[in-house]
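Below is one structure, written out as structure tokens; the observations come after it.
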Amino acid sequence: MARGGQVYYVYNRVKDIADMAKRIQDLVPEASVAYADGQMTRDRLESVMVDFINGDIDVLVTTTIIETGLDIGNVNTMIIHDADKLGLSQLYQLRGRVGRTNRTAYAFLMYRRDKMLKEVAEKRLSAIREFTELGSGFLLGAEQSGHIESVGYDLYCKMLSEAVAEAKGEEPETETETVVDLNISAYIPDRYIPDEFQKLDFYKRIAGIADEADLEDIQDELLDRYGDLPRAVASLLKIADLKATARRAGITEIKQTGREVRLTVGEKPGFDVSQVPVIIGHYAGQFTVMAARSGTGFIYHGPQDEETMLKALKTFTAALAETMK
């Protein structure tokens, strides 16, 4: 503001964005602060954006709806709240909303104090910090560029790390992969996200859900950008959440066969085996231990309707994982 410019404060949580705007207003009382999100009516959103363009608003607290929005030359600063929760392509697009003229601009990518960043999030922030020059890319050379285009940045980094470890003669870290095969329609319809690139980006991010915070962030963003979740998308998120919980419990497969759902446990269970009888006892016969000849794991015999089944599978696998804390 001292340089005569305006500010985007990117806060990607619709439910309390108004509270964040008030907090900023209290911190900087001399500023004119407003907020914008995708759940506003069209007229209200247009009114806020016109005021911002006209310079009547100093700080616009906004969700990622500005990712591909108007270029406003007077905006010289962007602050991205919890930047570690956004994808690399999103950060790149958001950063492009400032510095659109010959004026010096700054983009601050913030994350919570003392937070242990996930490796993937750290790599995203490192990449976006490293490539700050106008027109710079994320990989150099046609060969690498072709690879990253095929598999995506996060997977490319994972594959590269594994290749480096192998070249050094080190054992690459292995983590439990969980396959969920249920008779449930779970996908992103074309009518909900028509753009194929954005749809693929969300599929990748949903597949990477690791905990409740990740789930909530992606759900909030979908609601903000595209509106109410179709049933198939809501199911996709629930299955991704179940998959993450099952992975923590060391479960390698959740497969529905007829009126049974089998939960196969890998070589290294992620739960205290001694607590299994107590946990099963809470479910009134809905879960039993597999017979030895069928492998190590559990069988769900409960109701088959989607909501009840997913809720039971989630709470059961979460209870297993909790025994290791």
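The values are calculated or read from the model by the stated rules, or taken from the named source; none is laboratory data. The model shown is predicted, which means the values in this text are computed figures rather than measured ones. Virtual Cβ from ideal backbone geometry, glycine too; neighbours counted across all protein chains shown. Keep in mind that these areas ignore ligands, DNA and RNA; they rest on the heavy atoms of the full protein, side chains included. Shrake-Rupley method; radii C 1.70, N 1.55, O 1.52, S 1.80 Å.
Of the residues making up segment 37-47, just one is free of Cβ contacts under 8 Å to residues at least 40 places away in the same chain, surrounded by 13 or more Cβ atoms within 10 Å (Cβ to Cβ) and polar (S, T, N, Q), namely SER47.
Here the condition is being touching a helix residue (DSSP H, G or I) at 6+ places or on another chain (Cβ under 6 Å) and not hydrophobic (A, V, I, L, M, F, W, C); of ASP241, ASP272, it holds for ASP241 alone. Looking only at segment 69-88, residues that are of a type in the set (A, V, I, L, M), within 29 Å of LYS204 (Cβ to Cβ) and in a loop (DSSP other than H, G, I, E, B) come to 2 in all.
Yes/no per residue for (1) among the hydrophobic types (A, V, I, L, M, F, W, C); (2) modelled with pLDDT under 90; (3) open to solvent by 60 Å² or more (accessible area, probe 1.4 Å); (4) closer than 13 Å to LYS314 by Cβ:
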| residue | (1), (2), (3), (4) |
| --- | --- |
| LEU242 | yes, no, no, yes |
| THR245 | no, no, no, yes |
| GLY250 | no, no, no, no |
| ILE254 | yes, no, no, yes |
| THR257 | no, yes, yes, no |
| VAL261 | yes, no, no, yes |
| THR264 | no, no, no, no |
| GLU267 | no, yes, yes, no |
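Where strands (runs of 3 or more DSSP E) fall wholly inside segment 229-301, the ranges with 1 or more residues that are closer than 27 Å to PRO189 by Cβ are 251-257, 260-265. Within segment 38-68, how many residues are among the β-branched types (Val, Ile, Thr), outside any helix (DSSP H, G or I) and at pLDDT below 85? Total satisfying the criteria: 0.
Looking only at segment 13-36, count how many residues are in a loop (DSSP other than H, G, I, E, B) and open to solvent by less than 20 Å² (accessible area, probe 1.4 Å).
Restricting attention to segment 13-36, the residues satisfying the condition of being in a loop (DSSP other than H, G, I, E, B) are 13, 28-32.
Those still in the list that are open to solvent by less than 20 Å² (accessible area, probe 1.4 Å) too: 31.
Adding up the residues that qualify gives 1.
Pick from segment 297-325 the residues that are among the polar types (S, T, N, Q) and surrounded by 17 or more Cβ atoms within 10 Å (Cβ to Cβ): which of them is modelled with the lowest pLDDT? Filtering segment 297-325 for residues that are among the polar types (S, T, N, Q) and surrounded by 17 or more Cβ atoms within 10 Å (Cβ to Cβ), the one modelled with the lowest pLDDT comes out as THR323. Within segment 56-75, the residues that satisfy the criterion of being open to solvent by 40 Å² or more (accessible area, probe 1.4 Å) and touching a Ser or Thr at 6+ places or on another chain (Cβ under 9 Å) are ASP56, ASP71, ASN74. Of the candidates LEU237, LEU229, the single residue that is open to solvent by less than 30 Å² (accessible area, probe 1.4 Å), without any contact (Cβ under 8 Å) to a residue 40 or more places away in the chain and either of a type in the set (Phe, Trp, Tyr) or out of contact with any strand residue (DSSP E or B) (no Cβ under 8 Å at 6 or more places or on another chain) (or both) is LEU237.
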